Amino acid sequence: MDKSKKGLLLSISLKHHRLKELDALRGIAALGVVLFHYTSWFNNKFTLNIHPPFLFWLGYCGVHLFFMISGFVIFMTLEKTKKPLDFVVSRFSRLYPAYWAVLLINLMLVNPIDPKQFLLNSTMITAWLNTKNIVPAFWTLNVELAFYIFMFTLFVTKTLKHIEAMGVLWLILMILNERLGTLFHIHIPWLIDKSLLLTYGNLFFAGILFYKIKFEGNSVQRNMCLVLCWLTQFLVAREYYPSPEMLALFFFIFYLFCYEKLGFLTNKFFLFFGSISYSLYLIHQNLGIKLLLFFDAQKTNFYLSLFIAMGSSILLAFLITILIEQPALKFIRTNYNRK
């Protein structure tokens with residue numbers, strides 16, 4: 001098949017295939033993170049009257065699933081992007097309106113908030129500004145934004161076509177950084193470390209590889225690169241990573257997705273949570289913990305407390321999605337396209 005026909009088929013596939021499976025996976029990942037924060041993180045962080053009867057530590061791995069999904073989706077977005085500003089507007093409209101809305105809501109949830117901290121948080125680049133996040137879970141947004149900037153740089157410099165070779169070099173740099181630090185106490189400056197994603201880059205690269213497998217075909221080289229991504233996972237900052245079994249499970253899920261075997265996930269339940277996953281991730285932590293602490297002080301049954309905390313977070317996330325996130329996204333992109 002010549003390149004023109006292959007490109008045409010790819011564009012048709014992307015246009016008519018919404019990739020609902022990824023939406024469902026986002027919803028599952030978001031629910032996992034919420035349960036992690038409301039059980040394990042909550043139990044570990046506070047002195048409680050009533051301890052959670054179960055601890056969902058595996059929910060933390062939802063963050064790593066998010067990173068893999070982002071690798072897939074951002075590369076797909078750039079494949080369809082014609083001008084650099086298109087990508088900037090696309091990501092800005094997706095990220096910032098809901099983020100700013102949740103920051104404002106947190107003015108009522110976190111007291112006191114330093115005005116300078118609030119303003120620095122509004123930039124979403126707190127990692128580079130050495131500023132504490134108002135919502136602890138927002139650390140992942142810094143990682144996501146670093147990935148967007150990294151990929152945008154490759155797009156502008158027209159080197160995105162070499163992403164697979166560059167990805168291998170990326171993994172080697174991650175491993176070298178970890179080995180030099182462990183053996184010789186030599187560390188790459190923290191600004192470069194965070195900008196080049198030397199802790200989580202392998203997860204984003206894995207997502208890119210699965211995009212390549214799905215739309216350009218499988219190969220021995222791509223599978224070997226995925227093995228290297230898996231190995232890198234446990235050579236770099238092991239304490240921040242899921243178990244070998246969980247990462248293998250994520251890879252297996254993505255293989256199923258690439259070969260159209262995840263259709264069973266595209267039900268209304270998971271797709272609903274996928275549609276509100278970003279707002280739910282943003283709002284759930286401080287709101288839910290505030291409610292859980294209030295009910296714990298009253299010695300309320302934990303399952304009832306959990307139900308109310310989750311219900312409140314889901315309801316507010318839904319409202320933020322339909323009243324702020326989606327309208328703002330549509331308004332910004334529509335006006336940009338007109339101009």
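The numbers here are math on the coordinates, done by the rules we state, and not lab data. Bear in mind that the values here come from a model prediction, so they are computed numbers and not experimental data. Positions of Cβ are generated from backbone atoms using ideal geometry, with glycine treated the same way; all protein chains shown enter the neighbour counts.
Highest GNM mean-square fluctuation among Ile50, Ile308, Ile186, for the chain modelled with Cα contacts below 10 Å: Ile186.
Charging the Cβ of each Asp and Glu at -1 and of each Lys and Arg at +1, and nothing else, the dipole of the range 3-338 about its Cα centre rounds to 1120 debye. Axis angle, to the nearest 10 degrees, between helix 163-184 and the longest C-alpha principal axis of the chain: 50 degrees. For Rg and Dmax of the Cα atoms in Å, the candidate list reads [x] 22.9, 73; [y] 21.9, 73; [z] 20.5, 69; the entry that matches the value derived from this model is [z].
Compute the Cα gyration tensor for the range 202-339, then decide on rounded, prolate or oblate, letting a ≥ b ≥ c be the square roots of its eigenvalues: rounded whenever a/c is under 1.5, prolate when a/b is larger than b/c in the other cases, and oblate in all that remain. Here the range 202-339 falls in the oblate category. For a straight C-alpha distance cut-off of 16 angstrom, the lysines reachable from Lys290 (same-chain residues fewer than eight places away being disregarded) are Lys45, Lys299. Of all aspartates and glutamates in the structure, the ones whose alpha carbon falls short of 19 Å from that of Lys268, not counting any fewer than 8 places away in one chain, are Glu21, Asp23, Glu260. Comparing Cα centroids, the range 179-234 and the range 270-330 end up 33 angstrom apart. The HN-Hα couplings worked out from phi for the range 25-38 by the Karplus form 6.51 cos²θ - 1.76 cosθ + 1.60 (θ = phi - 60°) are 5, 4, x, 5, 4, 5, 4, x, 5, 4, 5, 4, 5, 7 Hz, whole numbers, x standing for Gly and Pro. Residue-wise HN-Hα couplings along the range 76-88, as the Karplus relation 6.51 cos²θ - 1.76 cosθ + 1.60 with θ = phi - 60° gives them from phi, are 4, 4, 5, 4, 9, 7, 9, 10, x, 5, 4, 5, 4 Hz; Gly and Pro carry x.
Cross-link reach is defined here as a Cα-Cα straight distance under 22 Å, omitting same-chain residues fewer than 8 places apart; for Lys116 the lysines meeting it are Lys132.
Taking only Cα atoms, what is the 0 to 90° angle, nearest 10, from helix 3-16's long axis to the longest principal axis of the chain? Value to nearest ten degrees: 20.
Taking 18 Å as the limit for the C-alpha separation, the pairs Lys20/Lys82; Lys83/Lys158; Lys82/Lys339; Lys80/Lys261; Lys20/Lys261 exceed it in the case of Lys20/Lys82; Lys80/Lys261.
For the range 242-299, which trypsin sites (Lys or Arg not before Pro) are both in a DSSP coil and crowded by at most 13 other Cβ atoms within 10 Å? Within the range 242-299, the qualifying trypsin sites (Lys or Arg not before Pro) (loop, at most 13 other Cβ atoms within 10 Å) are Lys261, Lys299. The loop-placed GluC sites (Glu not before Pro) in the range 200-282, going by DSSP, that have at most 10 neighbouring Cβ atoms within 10 Å of their Cβ come out as Glu260. Between the range 108-147 and the range 65-81, how many Å separate their Cα centres? If we compute the Cα centre of each part, the gap is 24 Å.
Using θ = phi - 60° in the Karplus curve 6.51 cos²θ - 1.76 cosθ + 1.60, the 3J(HN,Hα) couplings for the range 199-215 round to 10, 10, x, 5, 6, 5, 5, 4, x, 5, 4, 5, 4, 4, 5, 5, 9 Hz; x is entered for Gly and Pro.
Per-residue ellipticity at 222 nm for the chain, helices alone: DSSP H runs ≥ 4 residues times -39500 (n - 2.57), over residue total, nearest 500 deg cm²/dmol?
Calculated at 222 nm, the ellipticity per residue is -23000 deg cm²/dmol.
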